[in-house]
Every structure is written in C-alpha cells, then in structure tokens.
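Please read the structure below before turning to the comments.
The values are calculated or read from the model by the stated rules, or taken from the named source; none is laboratory data. Treat the numbers as computed from the prediction; the structure is a model and nothing was measured. For neighbour counting, all protein chains shown are included, and Cβ atoms are generated from backbone atoms with ideal geometry for every residue, glycine included. For accessibility, only protein heavy atoms count, side chains too; no ligands or nucleic acids. Shrake-Rupley method; radii C 1.70, N 1.55, O 1.52, S 1.80 Å.
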Amino acid sequence: MSSRKKTKTKKPATKYIFVMGGVMSGIGKGITASSIGTVLQSKGYRVTLMKADPYLNVDAGTMNPTEHGEVFVLENGLETDQDMGNYERFLNRTLPPENYMTNGMVFKYVIDKERALGYKGKCVEPTYHITEEILRRIAIAQKKTDAEVVVVEIGGTIGEYQNAIFLEAARQLKLKHPHDVINIMVSYLPMPAKLGEMKTKPTQNAVRQLNAYGMNPHMIIARSEVPIDKKRKEKIAYMCSLPIEHIISAPDVNSIYEVPINFEKDGLGKALISLLGLPRKKEDDTLHAWKRFLSKKNNPKDTIRIAIPGKYFDTGDFVLSDAYISVIEAIKAAAYHEQVEPIIDWINVKDFEDRPETLKNLKNYDAILVPGGFGASGIEGKISVIAYARKNKIPYFGICYGMQLMVVEYARHVARLSGAHTVEVDPKTQYPVINVMESQKEHLEQGIYGGTMRLGSYIAHIQPKTQAYKMYKNTVITERHRHRYEVNPEYIEQLTKAGLVFSGTSPDGVLMEIAELPATEHPFFVGTQFHPEFLSRPLAPHPIFTGFIKAAKNKKKSK
Ligand code: GLN
C-alpha cells in the first residue's frame, strides 16, 4: 500500500435525522423538517430532505388536493406531497425523485420483486424486506444528493398503524449505525383556555408510544401557542430522559419563514451538531439571507389585493391554502421582495354564475389569478372573471387550467368562436380550442391515470419583445408541467390573428406554453401551460410572479 493511501482521511460517516410527529397531526412537521435543513445548511453541511408517506398510493398524483393538499411535481415529473415543495423552498435547491417515497411505492417494488422470484424463494417479510427496501431508498437519496446529513420526515403521527414500518426502519438504521442516527419528535403542548397552562402529558405519552417501538427521541421540538418555559422544558427532559438543551421551543409564528431563525435562537444548530458529532464547518450566508428576506416581509410599503376565483363550497380557507400552497408561497415571495403585503381572497365563482352583476365587485382587486385545476366545476364563472380582467385591464395570471380558460375566453369573445371550449369540459364543442394531447388519448381511453400526464420539466422557447421575454430576460427556459390538454394547434392561426400572442412554445413550436396580450393592449394578461410556482423560492422569487406583482402594484397606483 502506498504511504499516500495510508494517510488519506476516512470519509466521515453520513448522519441521519428522522423527524416524527407526536400527539397530533397538522402541527408543522414539514416546516420543522425543512427548517432543520435550513439551519444545518447554514452551518455549512450538505443536507438533503426526504419524505416517507404512509399512503398506499404509489405517488401523490391520484390524491384529491382539497383533501390532501397540493400535488407537488418534481423536476423529473414525480407527483409528490406538498412537503417536497417546502423542502425545495427551504433548501433553495431542486431535489431528486429518490427523496420521496410512499408505502405504496415501497410495497409495490417489493411485491413486484417477489413475483419475479427476486427473493430467491425466501419468505418475504415486512419487518425485514420492506424495511430494507426503505433503507435502500434512503441510501440512494443520500448518494444522489451527496448529503452529509439526511433528514427523513416520517408522515403521520407516532402510535398509528400506518407509519409504523417507517419507524421500524429508523430503529433498524440506528441499530446498524448507533452513532449516526437521531430521532426528533415534533410534539404539541396544548394550553387549555380554562387552565391557562401549557400541558406536557400528551408529549410524555407520545414518547411512551415511541418507547414501545424500541426508540426514544433524542430531541423534542415543542410546538405550542407560546414559547415553552424552563419549568416545562425541565419536566419533559426529566420524564422523557433527555437533556434540557435538547428540548427546542417552537411557538406559533406569523410566518413559516421565521421558524429557522427561531430554532437557531433556541440552540437547535448547536444541539444537532453535538448530537450527531458533526465536525465544525464554516457558516454560510443562508440565515442572514433569510433575515434580510424577513425584514423586507415585515416592512411592507403597501398592500395589494389578489383574487383567486374558484368554486369553493365545503372547503375552508385552511384547506384551500394547502391545495394551492406553492402558488401562495410564490405570490408571497415575489410580493415580499417587492415590499408589498399581498392580501389573497378566495372568490366563489358560483356567485358570478348566479348573479353576473356581482362581477363588478372585482374592481376592488389589484390582480386576479386562476390557478391549475381539473373538470367542469365553476368553469363558466372563471371564464367570466377572466373576461372581466381582460376588459377592465386588471392584471391577470392564468396557470395551466387558468391559461387554457384564458384561451377559451379569448376564442369566444374576441376570435368570434362562439361556444369555444376545452374538450375536458365539453367533448362535443364546435370549437375545441383546448384539446386533449395526442399522447394522452390512449391513457384516457384505457383509464390509466396514475403518473401519465405530461409531467415534469420541459424546455420552452420564448419570443423576443414579448411580456414573457421582458420577465425571463431569456429565450430558453425550463419549467415544470402537469396536464393532459393543450392549445389545439388547429386554432393557433385564428387566435393569433385575433391578437393573442403565444410568446412561449415547445422547442419544436408545436405546444403553446405561454399566452399573453401585448403590453399595448393590457398591462398584464399572461397564461402559462406550466406551473411556475414550483420553481419559486423565498430567496429567489419566480420572474413571472414578480412581473405579476409589479403589475398589481402599478394597478393600485393608477387607481
Ligand atoms: N385540466 C387541465 C389539463 O389537464 C389543466 C391541468 C392543470 O391545471 N394542472 O390539461
């Protein structure tokens, strides 16, 4: 062996953090995992974030967003849980598909392998073959991202059946690498109004449940309405066998972007470094950049009102904001950088369908956005909103379905194609200006819905001297997609003659990716077939959202 080889230092072991929820769901486990990523990244470590979801769905694409939240599309097209969007935003980085798994994905792989005699006659067992498959996926994600620290968020709450196999995998990994794995429990401390005191017992019980799986948390993130005091920290530390500095306070905040800063204030970074035995590294600018972003957010010079029309019935604001989380975060990011506070109103288009005279209430808005969607629900109302925005020169931004409906509106009212429609809603329309993509026909006929849309990143070419070019300052862009329908090539000439500009197309010129009206006709009337919200980051807002917000600011000024 050469002497050089002998002195070569051993690559430090990869570290793993499992983030799991105690007491109840909906307490911000995803934001916690994301913020742990941000803090560690700021300390100079290469971090990656993974999500392990308990569903049997093979991906999140077939789940209803009003029940489960947004479907977040990764660069390669994998349809995932909205937390993947939080991870990309908080790490300011694109993540590979290996960073997402569901029980369905894991079980399907193992069962398919078993059917192909892949286990060579062995009895295939959940607590070995499934857990090994989970760990194999974690190892691949680590390799793909070259991460020094892998954070795996386990969906669901400790104590339920559904996610137990992921917890078991975490236990097994700890057994294999005792010094390199830690568990963080995100718990909730209720403060019953009558008692006026924060209670720790549910957290103690959640830890007992984790104990029953053969594990103890190494750190507890204590979510509550207010910061947790020393007395309660001591109590949890004592009852749950943890040093007090490993109980981190996580009070409710106005903005999720305060979480990494708060964690750092309460010593999270230091505690993690010591728990994981990480070598000291040089801190980077990340947390300072977050602080600058927050200070812009906290010092708005004005407010702008944005209407998001849809057909909302049983869904409250809470559910809606989950279903459109990336759109909302993209609006916020662009607005905060432009130093305005966005006020978003969910507009029920049913009112406009029943009483068209109420449309004029839209004049109170500085901008209107129609996001992606599917099916016939509320469509005529949305089209009348788009017509109102066009005629009254209110900045309009249509995303995916919002772009397709903008084309329908223009076809009907300007290109004189009365009754024009998308075949998604009216398959027999005389003027099918939005048609099913050729490549999608087969999937629809055979009912193969899972993962078959036009998904993920595609390049588009931008026409110079257009609104799109003004924003992108580039003729070649890459954006993420999720759709089955497209602008029907047979109507492009007619629509263009009528004044609609297709300023972005697929490189071969066949697919219309951006539609707009020229600046001389309308301050901002832009639709994108793709979803720019998936690429917006708090520290790097998306140029189209920035353009939209600037137009809204101008609209307000001109009032
Ligand atoms: N329903 C439309 C389509 O499938 C739009 C999809 C979307 O908005 N994501 O093309």
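Kirkwood radius and radius of gyration were both taken over the C-alpha atoms of the stretch 435-559, and their ratio Rg/Rh is 1.01. Between 0 and 90 degrees, the angle of helix 82-91 with respect to the longest Cα principal axis of the chain falls at about 80 degrees.
Over the chain, what relative contact order in percent results from Cα pairs under 8 Å that are six or more residues apart? About 15 percent, as a whole number. Angle of helix 29-42 to the longest C-alpha principal axis of the chain, folded into 0 to 90 degrees and rounded to 10: 80°. The value obtained for the stretch 15-107, namely the Cα convex hull volume divided by the number of residues, is 108 Å³ per residue. By the helix-only formula, in which each DSSP H run with n ≥ 4 contributes -39500 (n - 2.57) and the sum is divided by residues, the chain has a 222 nm mean residue ellipticity of -11000 deg cm²/dmol.
Rounded to the nearest Hz, the phi-derived 3J(HN,Hα) couplings of the stretch 353-370 under the Karplus curve 6.51 cos²θ - 1.76 cosθ + 1.60 (θ = phi - 60°) are 5, 7, 10, x, 5, 6, 3, 5, 4, 5, 5, 6, 9, 8, 6, 10, 10, 10, where x marks glycine and proline.
If both residues of a DSSP beta bridge must be in the chain, then about 30% of such bridges are antiparallel. If you roll a 1.4 angstrom probe over the protein chains with everything in place, what fraction of the accessible area of the chain belongs to carbon and sulfur, to the nearest %? Accessible surface attributable to carbon and sulfur in the chain totals 52 percent.
Multiplying the residue separation of Arg136 and Tyr449 by 0.36 nm and removing their Cα-Cα distance gives an extension gain of 109.9 nm. Measuring with a 1.4 angstrom probe and ignoring ligands and nucleic acids, Trp290 comes out at about 0 Å² accessible. Here is the list for the stretch 210-302: trypsin sites (Lys or Arg not before Pro) lying in DSSP coil, each with at most 11 other C-beta atoms within 10 angstrom of its C-beta, are Arg280, Lys282, Lys301.
Dividing the convex hull volume of the alpha carbon atoms of the stretch 27-184 by its residue count gives 125 Å³ per residue.
Distances between every pair of Cα atoms in the stretch 269-373, grouped in 10 Å steps from 0 to the bin holding the largest one, split as 12, 31, 25, 17, 10, 4, 1 percent. A simple charge model with +1 on the Cβ of Lys and Arg, -1 on the Cβ of Asp and Glu and nothing else charged puts the dipole of the stretch 250-316 at about 260 debye relative to its Cα centre.
Computed from backbone phi with θ = phi - 60° and the Karplus coefficients 6.51, -1.76 and 1.60, the 3J(HN,Hα) list for the stretch 237-242 is 4, 5, 6, 10, 6, 9 Hz; x is used for glycine and proline. Each of Tyr128 and Ser439 was given a label point 7 Å from its Cα along the Cα-to-Cβ line. The distance between the two points is 4.3 nm. Accessible surface of Val207, taken over heavy atoms with a 1.4 Å probe and every protein chain present, rounds to 0 Å².
Whole-Hz Karplus values for the stretch 408-413 come out as 4, 4, 5, 4, 5, 9 Hz, taken residue by residue from phi with 6.51 cos²θ - 1.76 cosθ + 1.60 and θ = phi - 60°; glycine and proline positions read x. Amide H to amide H distances under 5 Å link Lys311 with Val349, where only residues 5 or more positions off or on other chains count and H is placed in the peptide plane. Measuring nothing but alpha carbons in the chain and taking Rh as the Kirkwood radius, the Rg to Rh ratio lands at 1.00. Need one number: the % of Cα-Cα pairs in the stretch 120-224 sitting beyond the 25 Å mark. In whole percent, the share of Cα-Cα pairs in the stretch 120-224 beyond 25 Å is 31. The H on the amide N of Val433, modeled in the peptide plane, is under 5 Å from the matching H of His421, each at least 5 residues off or on a different chain.
Rounded to the nearest 20, the Cβ-based charge dipole of the chain about its Cα centre (Lys and Arg +1, Asp and Glu -1) stands at 2280 debye.
Taking the Cα centroid of the stretch 372-429 and of the stretch 68-143, what is the distance between the two, rounded to the nearest whole Å? After rounding, the separation between the Cα centres reads 38 Å. For the stretch 168-234, the alpha-carbon radius of gyration amounts to 1.31 times the rule-of-thumb value 2.2 N^0.38 Å expected for a compact globular protein. Rolling a 1.4 angstrom probe over the protein heavy atoms with all chains in place gives the chain an accessible area of 44 Å² per residue.
Computed from label points 7 Å out along Cα-Cβ, the spacing between Lys281 and Lys199 is 4.2 nm. Counting only heavy atoms of the protein chains and using a 1.4 Å probe, Ser439 has close to 70 Å² of accessible surface.
Applying D = kT/(6 pi eta Rh) to the stretch 335-485, where Rh is the Kirkwood radius over alpha-carbon pairs, T corresponds to 10 °C and eta to 1.306 mPa s, the Stokes-Einstein value obtained is 91 µm²/s. Taking amide H as placed 1.01 Å from N in the peptide plane, the amide H of Val181 sits under 5 Å from that of Tyr16, each at least 5 places away or on another chain. Using alpha carbons only, how many angstrom separate the centre of the stretch 180-250 from the centre of the stretch 20-36? One Cα centre to the other: 13 Å. Panel values: the stretch 222-326, Kirkwood radius from alpha carbon pairs, Stokes-Einstein at 25 °C and 0.890 mPa s, translational diffusion coefficient 142 µm²/s. Our estimate of slack between Asn554 and Asp112, defined as 0.36 nm per intervening residue step minus the Cα-Cα distance, is 153.4 nm. Candidates Val423, His337, Ser25 compared by Cα position along the dipole of the chain: farthest toward the positive end lies His337, with charges placed on Cβ.
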